[in-house]
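Structure, as C-alpha cells:
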Amino acid sequence: MPAQPGTPSAPRTPSSPALPAVPGTPPTSAGPAVPVASPEPGLPRSTSPRSGPTPSTAQGPTSAPPAGGERQSTAATHAGPHHPGAGQPYPQPGFPGPYGGYPGAHAASHQPPRPFWSGQPARPTEPTPTIWERLSRDGAGSRILAWAGGAVTLAGVVLLLILAIQRGYLGPLPRVLLGAGLGLVLTGIGTWLHRTPTARTGAYALAATGIAVVYLAVVAATTLYHFLPAWGGLATGLVVTAAGIALAGWWDSQLLAVFVVVCCAVSAPVIAEGFGTLLLCFLLVLQLGTTPVQLARKWNGLLLAAAVPPVIVCFVRIGLAVHDGHPTTTAVLAGVTSGITVVLATATALRRPDDEYPLVVLLVAAIPGLLAAVLLPRLGATILPAAVGVLLLGVWVLGRVSPLPGTFALAAGGIASLAFLQATATGFDGDARAIAFLAEALILTAVAVRLRLGAALLPAGLFALVGFVLGLTFAARPDLLARPMPGGTDVAAAVSLGLTGALFAAVAITLCWAVFRLGVLSDETTAPHGWVPAGLVALYGSTAALLAVGLLVSPGRDGFLLGHVLVTVSWTVAALALLLRGIDSVPPRVAGLSLVVAALAKLVLFDLSSLDGMARVVAFLVAGLVLLGAGARYARLVAARTRS
C-alpha cells in the first residue's frame, strides 16, 4: 500500500532480519523496521518489521489511519514526552509490544489500554497489620516475655525497697547502694547480650530495667534519705537519664527509651512517698534528658512519654498545695513546667514540621501555668498567666519568621490570647477591667489589619465581647444614661463612663470595618446587616462619652442635662456629615438618614420627657436649626450634582 502524502517513512534497516509469521495473523509484506521506544530508561531499543505504512511519532493532520481498522492506544495519543511509550501505537497482532512480546490477535484485541501517568507507578500500600497478626509473628512471644519480665523485675525492686524501709532491713545507705548495684549489673548484662543479634530482645529489656533501677535509687537517695542535696540528686538523675536514653539512641530502640521513661515516671511517686515538689523536679529532669535523642531520632512516643507525666503531677500538686503549705513553690514549678514543655514542643515542631504530636504537647503545655495562678495572690496570679502568654506570643512571632508549621503557630497565638484574657481579668477589677478588655480588643484589631491576619479577629472579638458585657454591667450601665444620680457623679465615675463609651464606639466601628476589610465577610449583601449592630453600639458609646463630658462640667443634674443636649446636637451634626459624604455613596447616605431618624426619636421620646427648662429648648432649637441647614445644603449639592 503506498504511503500517504505528508507521512514520512522510517529509514530502512537492511540488517534487521524478517521475523516469522505468528499463527492466527494475516500474511503481511515486509516493511521497514520501526524503532520501538523502550518503556523504561536504560533499556535498549528494539527494531521490528511492520507491514504497510509506518506511522510517525508525530503525525500530521493529513496522516492516514492504520489499515484494517486497527486502533491506536490512548497512551499513544495522550502520553507526553515524559511518559513511557509516548507516541507509540498500541501493540497490534503480529507485532512486538513495547516490552518485546509478540501477542496474538485474540490477546491484543481484548487487552485493555495501558494507563498513562508521570513517573513510575505508585506502589500499593500494605494494610496495617492487626494485633492478632502482630502476635502471630515469629519472635513476638519472646519480646512480650522479655518486656513483661523487665516490668515485673522493676516492680519487685520497688516492693523490696518499701519492705526494707518498713521492716528495717539493712540500713539506708546499703539499700541505696544495693539498688544502684543491681541496676548497673542488669544494664551490663543487657549490654553484653546485645552483641548477639538473636539475644537483643532480652538485652533491651534488661538494659531498660537496669537504667530505671539506677534512676529510682538516685530518687530514693535524694528524697527519702537525703544523702544527696536537691541539686546533686537532680544533676545525677539527669546524667543517668541522658546516659540511658543515649544508649537507646545508639541501639536505635525507641521501645527501650519509652520503657525507661514510663517506668521511672510511674515508680518515682512510690519511692518519693507522694507528689512533692522534688518529685516534679525529677520528672522535669527526666524530660530534659530525653530531648537530645528525641529530636535526633524523631521519636514521637518518647516525646509524649516524657511530656505528659510532669503535666499530670502538676495537676495533682495544685490540688494538694492548698493543704501542704507550699502554694508559691508549686505555682512557680507549674510555670516552669509549662515553659519547658512549650519550648520542647516548639523545638520538635521545627525539627519535624509535618508531625502532629508537637501540637498535642503544646495544647496541654500551658494548662499547668494557667491553672496554678489560683494558688497565688493577685499580683502573682496576674504575672504567671501573663508570662505564659508572652512565651506563647513569642512562639507565634517565631512562626511568622521561621518554617514553624502554621497550625502550630496559630494554636500558640490562640492559647496566648486566653492567657492574656486570664491575666487581664485577674489584674483589673471594676470599671478598669472593662476598659482594659476593650483596649486589648482595639489593639488586636489593629494588629490583625496591619498583618492581614483574619484569624486574629477571633480573640479580638472575644475581648470585645467581654469588655462590652463588663461595661454594660459596671462603668456604662444603662441607668447612668437614663437618669441623673441622686448624689451626683464623682470625677472618677465620669472618667470611667467617658473612656468606656469612647472605647465602645471605637471598638465597634473598627472591628466591623476590619471584618469586611480582611474579607471575613466579603459578601456585599452582608455589609448593611453587619454595620447595623456596630452602629447601635457606637451610638450607645458616643452617648456615654458625651454625657460624661457634661458630668465633668457639672456633676449634678445640670451636667446630666448638658450632656444630653450635646448628644442630640452631635447626632444631628454627624447625620449632616454622613449625608454630605453620601452624595456619591449609598452606605453613608443610609447611615446619615438613619442617624436623623435616631435624633428625631430621641428628641420626641427622651428629651421631651426627661429634659426641662432651657435644656429642652436648646436641644430642640439647635437640632432643628442643624436639620434645616443640613436639608438646604444637601438639596443644593444634589441639584449641583444633577446639573453636572
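Among all positions in the stretch 347-361, there is at least one residue which is open to solvent by 10 Å² or more (accessible area, probe 1.4 Å) and of a type in the set (S, T, Y). When A296, A334, A272 are screened for being open to solvent by 40 Å² or more (accessible area, probe 1.4 Å) and not acidic (D, E), only A296 passes. Tell me whether the stretch 188-199 contains one or more residues that are modelled with pLDDT under 65, among the small types (G, A, S) and not in a loop (DSSP other than H, G, I, E, B). There is no residue in the stretch 188-199 that is modelled with pLDDT under 65, among the small types (G, A, S) and not in a loop (DSSP other than H, G, I, E, B).
Would you point out which residue out of V185, V218 is in a helix (DSSP H, G or I) and surrounded by 19 or more Cβ atoms within 10 Å (Cβ to Cβ)? Selected residue: V218, the only one of V185, V218 that is in a helix (DSSP H, G or I) and surrounded by 19 or more Cβ atoms within 10 Å (Cβ to Cβ).
Could you check, for the stretch 433-440, whether at least one of its residues is assigned to a loop (DSSP other than H, G, I, E, B) and among the aromatic types (F, W, Y)?
Taking the stretch 433-440 and keeping what is assigned to a loop (DSSP other than H, G, I, E, B), we get none.
No; the residues of the stretch 433-440 include none that is assigned to a loop (DSSP other than H, G, I, E, B) and among the aromatic types (F, W, Y).
The values are calculated or read from the model by the stated rules, or taken from the named source; none is laboratory data. Bear in mind the structure is a predicted one, so any value in this text is a computation, not a measurement. So basically every Cβ, Gly included, is an ideal-geometry build from the backbone, and we count neighbours across all protein chains shown. Side chains are part of the model used for accessible areas, which takes the heavy atoms of the whole protein and leaves out ligands, DNA and RNA. Shrake-Rupley method; radii C 1.70, N 1.55, O 1.52, S 1.80 Å.
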